[in-house]
Amino acid sequence: MPAGTFLAIARGGGGHRAVRHLRAGQLSRNLLAVREVVSLGRDSGHPDAGLVERAWHLLADLRRHHPEAARSVLTHPAVGVWAVQTLTELRDGDPGARPAMLGAVVAATALRAGTQARVTFPTSPDGRVATALPGVGLLRRPAGDRQARAQLWVDGARGRVALDGVAVVGGDRRPSDTAPTWHPVFRLRAGNAALFHLDDPMSLVSPDTVVPLDASGATDWRSRIAPGWRLLATRHRWRAVELAEMVSVVAPLRPDEAGRAAADGIPGTTAATSALTSGTLPTAVGCIALAGRGDARTVAATLVHEVAHNKLAALGDLFPLVARTGQSWHPAPWRDGVRPLSALLQGLYAHVAVGEFWRRQRHHETAAGRRVAAAESARLRVACREVADLLGTADGLTRYGRVLVDQLDRVLRDWEGRGRPPAPSVSP
């Protein structure tokens, strides 16, 4: 990555070219993780090693002949989550590791490429099947024959999917209590620029727990997001461009038993009591998790917030921002309790982005709206200054992390009307 691109991202910007650098880094990360899954499966004698090897060779062929389709699937957030978790499980000797789900990645790639593929993967002990084709759909079959393996056939040219010879999508489908069911992934088109999948980043890891959307649910989510997208596209164009380039999946968060969004463990989530809850999972770059509703400004600000989290997560995969020994914890003005350095850095980066949104948005508001924007800008300026000062003297940041904080400090100085200190040097 050119040094100038790193500095632009560190200041919260960079545009679509910078985001493409980050997305390319995610493709490399996922490919390396998948290749290591294949190697570890073979070296550890995993019972599905043969299936994984075959899927890997099929994927290599698809990458060679259909590179764009392969890139699109391999950068899907669910693939990143599955690859990282499976790699960890194989290293730990976890018997629950499911490396053969690489076959589902192959099937999704073949469908997107408009070609054919046949993959085999293990079933549950009772013959039950649950698997996701990232960005395409969720396939389930109830318990029945206690066969150890199932065969999935896809024909992208005809849009057909069959499981053990039974048509699931296209063809002559015969619904029954034992027939496989198919839940398509719905798409959300935002103008002519952006296409988001309403999907779950955990679908490859735990397809049994996914609650698929129906058509009415997809329509509801389109209506929730559209006002915020229109605001960004008309008033904050470069933010909309970054969103379209960086994010491919919007994941509806499910409410828990108390009716609150189930966002535990997702860094960057807002308070569960707010009208709109959001989050970003570091291993699922390209995904924004959402719950609740908000007006156009709230939705737009939330999207800006989560795109920033996605960008910094991707940047951290390329350049370590916090040293392994940087385990100190500190209070944050936007969350209760104390946070580790990595979370403080993420919070500062995202809140600076939102502060910039409100600073620009005030020029497009009525008198009452300008007061809201000014109040939000002032609140975020004070909170970000507090954290920037803390991080400026904290131990535990790498040299890249320090450059990031220095660049954010320069943005805050502009807000405060203060002079800029000399720019730091960086050589990524």
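The values are calculated or read from the model by the stated rules, or taken from the named source; none is laboratory data. These numbers come from a predicted model, not from an experiment. Positions of Cβ are generated from backbone atoms using ideal geometry, with glycine treated the same way; all protein chains shown enter the neighbour counts. Protein only, heavy atoms only, side chains kept; ligands, DNA and RNA dropped before computing areas. Shrake-Rupley method; radii C 1.70, N 1.55, O 1.52, S 1.80 Å.
The figures follow:
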item	result
Among the candidates Thr366, Thr398, Thr393, residue that is of a type in the set (Ser, Thr, Tyr), touching a residue at least 24 places away in the same chain (Cβ under 8 Å) and out of contact with any Cys (no Cβ under 8 Å at 6 or more places or on another chain)	Thr398
Pairs with Cβ under 9 Å, 6+ apart, first in region 28-47 and open to solvent by less than 30 Å² (accessible area, probe 1.4 Å), second of a type in the set (Ser, Thr, Tyr)	Asn30/Thr75; Ala33/Thr86; Val34/Thr86; Val37/Thr86; Gly41/Thr86
Condition met for Ala374 (open to solvent by 10 Å² or more (accessible area, probe 1.4 Å), assigned to a helix (DSSP H, G or I), out of contact with any Leu (no Cβ under 9 Å at 6 or more places or on another chain) and under 25 Å from Ala18 (Cβ atoms))	no
Contacts under 8 angstrom Cβ, first residue in region 159-170 being within 12 Å of Gly137 (Cα to Cα), partner of a type in the set (S, T, N, Q), 6 or more apart	Val168/Thr181
Residue ID - nearest to the chain's Cα centre (by Cα), chosen from residues in region 335-350 that are crowded, with 19+ Cβ neighbours inside 10 Å and among the hydrophobic types (A, V, I, L, M, F, W, C)	Ala350
Of all residues making up region 329-387, the number that are more than 21 Å from Gly279 (Cα to Cα) and hydroxyl-bearing (Ser, Thr, Tyr)	2
Hey, Pro267 assigned to a loop (DSSP other than H, G, I, E, B) and at pLDDT below 85 or not	yes
Exclusive hit being farther than 23 Å from Arg112 by Cβ and either hydroxyl-bearing (Ser, Thr, Tyr) or open to solvent by less than 40 Å² (accessible area, probe 1.4 Å) (or both), set Leu87, Leu74, Leu62	Leu87
Of all residues in region 30-73 being among the polar types (S, T, N, Q) and more than 22 Å from the chain's Cα centre (by Cα), the one that is farthest from Cys287 (Cα to Cα)	Ser44
Qualifying residue in region 397-405 (condition: at pLDDT below 90 and open to solvent by 20 Å² or more (accessible area, probe 1.4 Å))	no
His57, sole failed condition from (1) buried (at least 22 other Cβ atoms within 10 Å of the Cβ); (2) under 14 Å from Val106 (Cα atoms)	(1)
Criterion violated by Ala24 - all others in (1) more than 17 Å from Pro134 (Cα to Cα); (2) touching a residue at least 60 places away in the same chain (Cβ under 8 Å); (3) not charged (D, E, K, R) satisfied	(2)
Residues of region 335-363 satisfying the condition of being of a type in the set (D, E, K, R) and in contact with a strand residue (DSSP E or B) (Cβ under 7 Å, 6 or more places away or on another chain)	Arg339
Unique residue being in contact with a strand residue (DSSP E or B) (Cβ under 9 Å, 6 or more places away or on another chain) and either surrounded by fewer than 22 Cβ atoms within 10 Å (Cβ to Cβ) or of a type in the set (A, V, I, L, M) (or both) when the list is Ala314, Ala332	Ala332
Residue that is under 30 Å from Arg239 (Cβ atoms) and either of a type in the set (Val, Ile, Thr) or modelled with pLDDT of 90 or more (or both), where the choices are Gly135, Gly191, Gly156	Gly135
The one condition in (1) closer than 24 Å to Asp200 by Cβ; (2) surrounded by 20 or more Cβ atoms within 10 Å (Cβ to Cβ) that Val322 fails to fulfil	(1)
Members of region 73-104 found to be within 21 Å of Val185 (Cα to Cα) and free of Cβ contacts under 8 Å to residues at least 60 places away in the same chain, listed by number	Leu74, Ala83, Gly103
Flag for Ala353 being part of a helix (DSSP H, G or I), out of contact with any Gly (no Cβ under 6 Å at 6 or more places or on another chain), open to solvent by less than 60 Å² (accessible area, probe 1.4 Å) and of a type in the set (A, V, I, L, M)	no
Identity of the residue in region 198-212, open to solvent by 30 Å² or more (accessible area, probe 1.4 Å) and either among the polar types (S, T, N, Q) or in a helix (DSSP H, G or I) (or both), that ends up farthest from Val250 (Cα to Cα)	Asp208
Filter result for the condition that a residue is open to solvent by 10 Å² or more (accessible area, probe 1.4 Å) and on the phi < 0 side of the Ramachandran plot, over Pro142, Pro134, Pro99	Pro142
Selection count, region 159-180, where residues are open to solvent by 60 Å² or more (accessible area, probe 1.4 Å) and modelled with pLDDT under 85	7
Residue in region 103-122 that is open to solvent by 30 Å² or more (accessible area, probe 1.4 Å) and over 26 Å from Arg71 (Cα atoms) present	no
